[in-house]
Amino acid sequence: QVQFAESGGGVAQPGGSLGLSCRVSGINFSKLTVAWFRQAPGKERERVALIRHDGSTNYTDAVKGRFTISRDNAKNTMYLQMLSLKPEDTAVYYCNGGIIPYPNWGQGTQVTVSS
């Protein structure tokens, strides 16, 4: 059974940076398109960044130029580097399959951007 384990969230000031990690198990990670999602209070979960098996990426407009998604297939791990953080980036961040998310979401990691 595929499992996702997010880590690395925290508190940052506006303009600051944070990095997230996601360990994926139970599946051939190197062939999987994966993505980072986020859910802010009172809002639906949205996909913010996606990376395919070949390393190509897509970003939602709100994070383009500020967030960078990457992966290390040898470690079954994906990452999200977040720069120039804004208060509207505050959310719980999750990782999952990028095309059709798997039903078993991880617990997520909280990112709070506040002065």
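The values are calculated or read from the model by the stated rules, or taken from the named source; none is laboratory data. This structure is a prediction, so every number in the text was calculated from the model and none was measured. Cβ placement follows ideal geometry from the backbone for every residue including glycine, while neighbour counts extend to all protein chains displayed. Note: accessible area is taken over every heavy atom of the protein model, side chains too, but ligands, DNA and RNA are not part of it. Shrake-Rupley method; radii C 1.70, N 1.55, O 1.52, S 1.80 Å.
Out of Arg52, Arg71, I need the residue that is touching a strand residue (DSSP E or B) at 6+ places or on another chain (Cβ under 6 Å) and farther than 17 Å from Val111 by Cβ. Which one? Steps first, please.
Values: Arg52 fails: touching a strand residue (DSSP E or B) at 6+ places or on another chain (Cβ under 6 Å).
Within the list Arg52, Arg71, the selection yields Arg71.
Can you name the residue in the range 26-69 that is within 10 Å of the chain's Cα centre (by Cα) and among the basic types (Lys, Arg) and, of all such residues, is nearest to Val92 (Cα to Cα)?
If we take residues in the range 26-69 being within 10 Å of the chain's Cα centre (by Cα) and among the basic types (Lys, Arg), then Arg38 is nearest to Val92 (Cα to Cα).
Working only within the range 65-95, note down all residues that are in a strand (DSSP E or B), more than 17 Å from Ala40 (Cβ to Cβ) and not β-branched (Val, Ile, Thr). Before the answer, list the steps.
Here is the first cut: in the range 65-95, the ones in a strand (DSSP E or B) are 67-72, 77-82, 91-95.
Adding the requirement that they be more than 17 Å from Ala40 (Cβ to Cβ) leaves 68-72, 77-79, 81.
Selection gives Ser70, Arg71, Asp72, Met78, Tyr79, Gln81.
Could you check the range 1-64 for strands (runs of 3 or more DSSP E) lying wholly inside it with 3 or more residues that are open to solvent by 30 Å² or more (accessible area, probe 1.4 Å)?
Working: elements: 3-7, 10-12, 18-25, 34-39, 46-51, 57-59.
The qualifying strands (runs of 3 or more DSSP E) are 3-7, 18-25, 57-59.
When the range 1-48 is examined, which residues are found to be on the phi > 0 side of the Ramachandran plot and without any contact (Cβ under 8 Å) to a residue 12 or more places away in the chain?
Correct list: Gly42 only.
Restricted to the range 70-115, and to residues that are closer than 18 Å to Ser17 by Cβ, open to solvent by less than 60 Å² (accessible area, probe 1.4 Å) and not aliphatic (A, V, I, L, M), which residue is nearest to the chain's Cα centre (by Cα)?
Tyr93
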